[in-house]
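J.: Quick one: the structure is below, and I'll ask about it shortly.
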Amino acid sequence: MTIDRVLVIRHGALGDLVQSMGPFKAIRAHHPTAQITLLTAPAFAMFMGNCPWFDRVWQDHRPGWLQLAECLRLRRRLAAGGFERVYDLQTSSRSSLYMHAFSYRRRPEWSGIARRASHIHDNPDRDKMHTLDRQAEQLRIAGIGSVPAPDLSWVRADATRFELPRPYALVMPGGSAHRPAKRWPADYYLALCRRMLAASIQPVLIGGADEAVLNRVLVEQCPGARDLAGQTSIEDLVALARDARLAAGNDTGPMHLAVAAGCPAVVLFSDQSDPSLCAPRGAKVSILREPDLAALKVDRVWEAVALLGV
């Protein structure tokens with residue numbers, strides 16, 4: 001049977017979205033003529049609107065269950081989409097419930113973990129698998145045998161307006177505001193930036209609004225470093241990473257972007273996240289982990305930089 005309409009569910013965070021780029025590409029290759037819709041978080045809708053593997057991008061504001069009008073509006077939209085197959089790559093309890101937006105007689109084929117899904121990923125060890133391996137196994141069950149690595153080659157951006165001297169390194173000292181234990185100490189980042197300058201590599205501090213104060217303090221104490229906090233889009237980060245000598249930072253979405261863009265990287269993990277489950281993979285990636293990141297000394301990070309041959 002030809003499948004003409006496909007829905008893919010993937011909300012994020014950013015790192016999760018990046019690690020689904022391979023599955024996105026594989027789904028398009030498996031359904032070359034289908035109309036494929038992505039249901040994602042509003043923060044990523046504009047970025048993914050340029051992705052060649054989707055024909056439409058819908059925003060899911062994920063209304064609370066007590067927001068009945070919004071929930072009903074989403075349910076009606078899903079039901080009216082005419083979807084014949086759904087790939088639930090979010091595989092959360094919430095996204096699994098979306099299967100019930102469709103009447104029993106018009107329910108599409110479903111790849112995910114929802115009960116009674118036609119292509120259920122029921123491996124009891126799925127939560128112990130790395131995200132890339134877990135998604136690949138899920139798609140194999142649905143008949144998609146080959147899943148490539150995350151691919152950002154389609155992203156177009158011109159980062160020349162930043163006028164960065166080469167070589168430069170992207171430094172990402174921030175992270176989730178509600179998980180401070182995922183952050184390497186700021187004074188260690190200061191020391192790392194100074195070592196980069198001594199090696200004639202321009203440190204470029206990346207971050208959003210939450211990192212503005214931190215980055216400003218680092219630049220004040222390390223003249224010669226450059227601060228781009230709040231100035232870069234997702235597309236900009238990909239373009240900057242393509243030309244960077246190195247990226248170094250905590251376990252964050254922008255680090256996943258940098259690795260997927262082909263940038264050599266040193267990624268720092270605490271006991272707040274498990275690299276065996278979610279670390280970015282690439283040809284030149286060094287993963288360093290300490291339960292308490294304060295125990296991860298600058299010398300060890302700099303040694304990892306040297307081993308990458310950058």
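Read-outs throughout are calculated quantities, based only on the coordinates presented, and are distinct from any laboratory measurement. Predicted model, so just to flag it, every value in this text is computed and none were measured. All Cβ positions, even for glycine, are placed from backbone atoms using ideal geometry, and neighbour counts span all protein chains on display.
J.: Checking the cross-link filter: which lysines have an alpha carbon closer than 19 Å to that of K297, excluding same-chain neighbours under 8 positions apart?
T.: Partners found: K182.
J.: Okay, next question. Ranked highest first by average number of other Cβ atoms within 10 Å, how do 101-113, 245-257 line up?
T.: 245-257, 101-113
J.: Now for a different question. For region 203-310, just run the numbers: alpha carbon Rg, then divide by 2.2 N^0.38 Å, N being how many residues it has.
T.: Working it through for region 203-310, the quotient is 1.04.
J.: Calculate one ³J(HN,Hα) per residue across region 33-43 by plugging θ = phi - 60° into the Karplus curve 6.51 cos²θ - 1.76 cosθ + 1.60, and present them in order as whole Hz with x for glycine and proline.
T.: Using θ = phi - 60°, the values come out as 10, 6, 7, 10, 10, 9, 9, 9, 6, x, 4 Hz.
J.: Still on this structure: Which whole-number percentage describes the relative contact order of the chain, with Cα contacts under 8 Å and a sequence gap of 6 or more?
T.: Here the relative contact order equals 16 percent.
J.: R0 = 41 Å: FRET efficiency of H178 with D4, Cβ-based, nearest 0.05?
T.: Computed FRET efficiency for H178 and D4: 0.45.
J.: What Kirkwood hydrodynamic radius, in Å, does region 166-219 give when the mean of 1/r is taken over all pairs of distinct Cα atoms and then inverted?
T.: It works out to 11.5 Å.
J.: Sort L78, L277 by Cβ crowding within 10 Å, fewest neighbours at the top.
T.: Details: L78 22, L277 13.
Least to most surrounded, the residues fall as L277, L78.
J.: Using a Gaussian network for the chain with springs between C-alpha atoms less than 10 Å apart, which of these wobbles most: E163, E137, E84?
T.: E163
J.: Right, here's the next one. Which of K128, K182, K284 comes first, and how do the rest follow, when ranked by fewest Cβ neighbours within 10 Å?
T.: Going from sparsest to densest Cβ surroundings: K128, K284, K182.
J.: Sort V285, V171, V217, V305 so that the residue with the fewest other Cβ atoms within 10 Å of its own Cβ comes first and the one with the most comes last.
T.: Result, fewest neighbours first: V217, V285, V305, V171.
J.: Region 5-141: percent of C-alpha pairs farther apart than 18 Å?
T.: Tail of P(r) above 18 Å: 53 percent of Cα pairs.
J.: What's the center-to-center distance, using Cα atoms, between region 1-68 and region 276-305 in Å?
T.: When both Cα centres are located, 31 Å separates them.
J.: Grab every C-alpha pair in the chain, bin the distances at 20 angstrom width from 0 up to the longest one, and report whole percents.
T.: 32, 52, 16, 0
J.: So who's got an amide H within less than 5 Å of the one on L205, skipping anything under 5 residues away but keeping other chains? H placed 1.01 Å off N, in plane.
T.: Those lying under 5 Å, H to H, from L205 are V171, R226, D227, L228.
J.: Next up: Would you calculate the separation in nanometres between label points at A295 and R75, each defined as 7 Å from the Cα along the Cα-to-beta-carbon direction?
T.: 5.0
J.: Suppose we take every Cα in region 123-258 and form the convex hull; what volume per residue is that in Å³? Walk me through the numbers on the way to the answer.
T.: On the way: hull volume 18.3 nm³, N = 136.
Spread over its residues, the Cα hull of region 123-258 gives 135 Å³ apiece.
J.: How high is the FRET efficiency from S200 to M129, r the C-beta distance, R0 41 Å, rounded to 0.05?
T.: Numbers: r = 42 Å, r/R0 = 1.02.
E between S200 and M129, to the nearest 0.05, is 0.50.
J.: Please work out the Cα center distance from region 187-201 to region 133-185, rounded to the nearest Å.
T.: If you average the Cα positions of each part, the centres end up 23 Å apart.
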